[in-house]
Every structure is written in structure tokens, then in C-alpha cells.
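Structure record follows, encoded as C-alpha cells.
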Amino acid sequence: MYNPLEVYYEKVTVCPLRNRQFNFFELVYVISGIGTHTVNGNCIDYQAGDLFLLTPNDCHEFDLEGECEFMVIRFGEHYIREYQWKSIDHIECLLYYASELSESLLSNSDDVDIIAQLMQTLKQVVTQEAMYNEDIIGHLVNAVIVIAARNIAIRQIETAMTETDSKIRGILNYIQQYIREPDKLKVQEMAAYFSLAPNYLGSYFRKHCGESLQVYIAQYKIRLIEHRLRFSSMRIGEIADEFGFTDESHINKFFKRYHSVSMSVYRKQQFKERK
């Protein structure tokens, strides 16, 4: 990629690049047509309305059955870090979770219609030359990314549950919302919020999610901290402040429980692997 964001429309009968592997994110929306999409060896049939997200280092290709239309959005890690995602502060972590998915991202029926409208507008904008097109494209793409992340978050919650239950969905959403506020994640606080007895909350969560509440919160927080270290320039103290730790020593002690190395050492190791 030569630019932090690239958007284009294509109508093709043959996939121009096969068995592709890039170092950026790629959103592919199917406007029309059918065929097979292969991601990291997993094959799935696609149709109009499907939205696929390829993460850095994914390997994929499309086998088209006749003529197909696509909208393709490419963006790098820098683009994600640069934008202030007020609605989803851990959006990068959610996007990387998509590497575990092969099928279309869209699981929310309302979002299917919204994405279709956004993509038609994107197609119109990118295929004409007009003032402020770049700004318009940026806003439309950001909306698509947030909706994609929202659907990935829904998948995360569904995967964590052993059965469908509206209250456990609410608890998982609550944890995601307040992951940076430790006081709100205390058992007493959460139990009061959901009108459950503190002792019952723990057993209720374990029954539905297969692990303890404390373990789930800690592992979710660790994933977010990992992504701050890998893909941001935030200092250790800034990350500690963001997640409600008292200081660098406190967050490092927490981090070492899971990685056996300090946060600075982990960051250096990840940097070397990506070079």
C-alpha cells in the first residue's frame, strides 16, 4: 500500500490475484455474484451482501462463478491507530480477532442493510471525481469499520457463551464497556447492577461462559494491553492510566502473570518479530 487508506470498485470474472497474502487489513464486500472464498485454507460460498475482513498475514483468494462486483477497502495498522475511535476504544483488538473467522462478518440483520447502503454510496463516490471526495470516503469507511467491529464483538460474546441468555450477554457487554474502570468491574458493583447476589454472580457466569468472571476480565484486559504494546506508541505509564492501574509497577506485575516478561521486553520482542 502506498496510502494509509485505499478504496476501489471492481467488476471482474476472474480473481486478479490468487493466494494473496498482504500486510494490511482488507475489507471485501460482495455487491453481486456468487462463488467461493478461501481464507487460510478454509472455503466458504459467498453471495451478494457478504462482508469479509482479511487481517495482516491472512492468505486468501476468490473463485468466481461468472461476473462479480466487489467493493474493496484496504487500510493499515497506522490508519487504525491514528483515528480516535470513541465508540470502540479497543477496535484494533476486535479487528485482529477476525482472523479466526472465515465466513461473512455480518451477523446482525439490521447491519446487513446499513452496510449495503454504505457500500453503494462508496461505489458512487469512488467512481466519480468531485470536491472533498477523500473526506467523504474516509467517513464512510470509518462507519463500515465500526459496524464490522460491532459484529465481531457480537461473535466474541456468542463464542464465550455455552447457551443463549440475555442477562449473560448484558454482563459481557458491560465488561467490554467498563474494561478500563476497575471499580465498576468489582463483584459487588456488578452484582448490584444486574440485581444478582454477589456469590451467585460468580457461579452464574461460570455456568454460562465456562470460566470464572475474574479470569475472563483479566484475559480480556491482557489482550487489549498486548495490542497497545504491539500497535501503539503509548508509554507504559499511559497504558497503566488507561486501564486503571496505580502505576507502571502495578501493571507490569499483572502483565507478568501471563507472559513472564515485563511489558517493555514484550514490546521489543514483538517489534523484532514484525521487522
Residues of segment 176-206 being over 25 Å from E242 (Cβ atoms) and under 26 Å from the mean Cα position of the chain (by Cα), which ones? R206
List the residue pairs whose Cβ atoms are under 6 Å apart, where the first residue sits in segment 62-81 and is assigned by TED's automatic domain parsing to the domain that holds V28, the second is assigned to a helix (DSSP H, G or I) and crowded, with 19+ Cβ neighbours inside 10 Å, and the two are 6 or more positions apart or on different chains. M71/M119; M71/L122; I73/V141; I80/E92
In segment 39-54, anything surrounded by fewer than 18 Cβ atoms within 10 Å (Cβ to Cβ) and either at negative phi or not polar (S, T, N, Q) (or both) is listed as G41, N42, C43, I44, D45, Q47, A48, G49
From (1) out of contact with any Cys (no Cβ under 8 Å at 6 or more places or on another chain); (2) under 30 Å from Y79 (Cβ atoms); (3) touching a residue at least 40 places away in the same chain (Cβ under 8 Å); (4) buried (at least 18 other Cβ atoms within 10 Å of the Cβ), pick out the condition that doesn't hold for S232. (4)
Reported set for segment 14-30 where residues are over 19 Å from E134 (Cβ atoms) and modelled with pLDDT of 90 or more is V28, Y29, V30
Selection count where residues are in contact with a Leu (Cβ under 9 Å, 6 or more places away or on another chain) and of a type outside the set (A, V, I, L, M), scope segment 256-275: 4
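The values are calculated or read from the model by the stated rules, or taken from the named source; none is laboratory data. Treat the numbers as computed from the prediction; the structure is a model and nothing was measured. Glycine gets a Cβ as well: all are built from the backbone with ideal geometry, and neighbour counts include every protein chain shown.
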